[in-house]
Amino acid sequence: MSAEERRGLLYVAIAVGFFSTSPVFILWADPLDPILKTWGRMMIAAGAIGLLSLTTRRRVAAGAPPAELPTRTRLNSSLRFLAYGLIAALHFFFYIASLSFTTAAHSLSIVYTAPVFVTLLSAIFLKESIRGRQWVGVGITVLGVAILAGLEPRMTPDMAFGDLLALFSAITFGFYSVAGRYERARYPLFVYASSVYGAAALWLLPLALVSISKTPAQAWGWAQIGSIVALGLGPLALGHTLYNAALRRVHATYANIIASQEVTGGIILSWLFLAQVPSTNSLVGALVTLVGIGLVLR
């Protein structure tokens with residue numbers, strides 16, 4: 001493994017630390033609507049990374065400022081980023097919304113089947129396949145996440161709907177990851193990330209305005225506002241930008257497999273901040289995922 005690939009793995013490992021704070025801040029932002037939580041974090045992240053982009057005066061690949069690109073190229077780029085923004089908006093919204101219908105255990109275990117979709121989509125769109133042994137590692141990692149999250153034996157129509165939302169989140173996470181790797185040579189990191197976050201916020205704006213009009217004033221407190229700001233700056237602006245930086249250096253499957261350790265980090269932080277003591281299956285699941293990650297990265 002090259003030094004550049006090792007740097008990419010380090011980036012995503014750091015990103016996991018920021019990802020892991022997400023469940024805590026999402027809970028602290030209640031009773032705000034999932035749309036507001038998603039839109040707010042996207043706006044904050046787009047602003048923060050956009051400011052970094054302006055500060056560093058980064059330009060698109062090949063050194064040409066956007067205004068000097070051919071009209072057709074600019075139009076194609078704009079359409080692609082609108083599509084990426086929609087994918088990102090759906091991924092984050094589906095995940096947050098799923099928690100309103102199903103358990104966190106179900107949601108997390110289904111969302112982190114994403115490595116399977118990332119691997120399939122990387123092979124289809126990027127022509128980047130992985131070896132058979134690594135497929136085994138992907139399967140073991142997904143199994144470990146399911147054990148770690150602690151699948152519930154009961155099922156209701158609401159839970160089934162929430163599980164479906166979580167599955168959509170996993171699929172869109174696959175597309176999101178492949179898009180980040182696809183654009184790695186075309187745009188500087190901060191330009192790419194701020195554009196995707198901003199496009200996602202734009203897609204969510206109409207629904208967010210409707211939600212704001214229906215949200216009672218007492219639902220807005222310092223805890224809710226602070227949690228949304230933290231979601232935007234931590235898990236998204238820092239975490240997902242580091243994740244996108246990793247995608248520029250390693251196979252999307254490798255980055256996504258390590259990102260699945262958000263579940264482990266989330267359990268630890270829930271133990272520390274929400275007094276949710278991890279169960280035996282959580283510890284066993286964490287060990288199984290590490291075995292799977294080892295097989296993928298060998």
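Couple of notes before you dig in:
- Comparing mean-square fluctuations of G85, G239, G265 from a GNM of the chain with C-alpha springs under 10 Å, the top value falls on G265.
- Ordering 208-221, 122-135 by mean Cβ neighbour count within 10 Å, with the highest value first, yields 122-135, 208-221.
- Pairwise label distance in nanometres, T215 with F161, each label 7 Å out on the Cα-Cβ vector: 2.1 nm
- Global geometry of the stretch 134-213, whether rounded, prolate or oblate, following the gyration tensor of its Cα atoms and the 1.5 cut on a/c: oblate
- Assigned charges on the beta-carbon of Lys, Arg, Asp, Glu; the chain dipole about Cα centre (debye): 1060 debye
- For the peptides 19-30, 172-183, the ranking by packing is 172-183, 19-30, with the highest mean count of neighbouring Cβ atoms within 10 Å listed first.
- With the charge dipole of the chain set up from +1 on Lys and Arg Cβ and -1 on Asp and Glu Cβ about the Cα centre, the Cα lying farthest toward the positive end among the listed residues L108, L295, F94 is that of L295.
- When only Cα pairs below 8 angstrom with a gap of at least 6 residues are kept, the chain shows a relative contact order of 43 percent.
- The chain - percent of accessible surface contributed by carbon and sulfur, probe 1.4 Å: 70 percent
- With R₀ fixed at 35 Å, the C-beta to C-beta distance from V284 to D30 puts the FRET efficiency at about 0.70.
- Residues V136 and W271, FRET efficiency given R0 of 22 Å [Cβ-Cβ distance, rounded to 0.05]: 0.10
- R0 of 30 Å, Cβ-Cβ distance R74-K127: FRET efficiency to nearest 0.05: 0.65
- Oblate is the label for the stretch 197-273, because the ratio a/c of its alpha-carbon gyration tensor axes (a ≥ b ≥ c) is 1.5 or higher and a/b is not greater than b/c.
- Taking a ≥ b ≥ c as the square roots of the eigenvalues of the Cα gyration tensor, the stretch 103-260 is oblate, since a/c reaches 1.5 or more and a/b is not larger than b/c.
- Label point distance in nm, A3-T56, each placed 7 Å from Cα along Cα→Cβ: 1.9 nm
- Put a plus charge on the Cβ of each Lys and Arg, a minus charge on the Cβ of each Asp and Glu, and nothing anywhere else: the dipole of the stretch 140-251 about its Cα centre is then about 420 debye.
The values are calculated or read from the model by the stated rules, or taken from the named source; none is laboratory data. Here the structure is a predicted model, which is why all the values come from computation and not from measurement. Neighbour counts are summed over all protein chains in view; Cβ atoms, including those assigned to glycine, are modelled from backbone coordinates with ideal geometry. Ligands, DNA and RNA are excluded from the accessible area calculation, which covers all protein heavy atoms including side chains. Shrake-Rupley method; radii C 1.70, N 1.55, O 1.52, S 1.80 Å.
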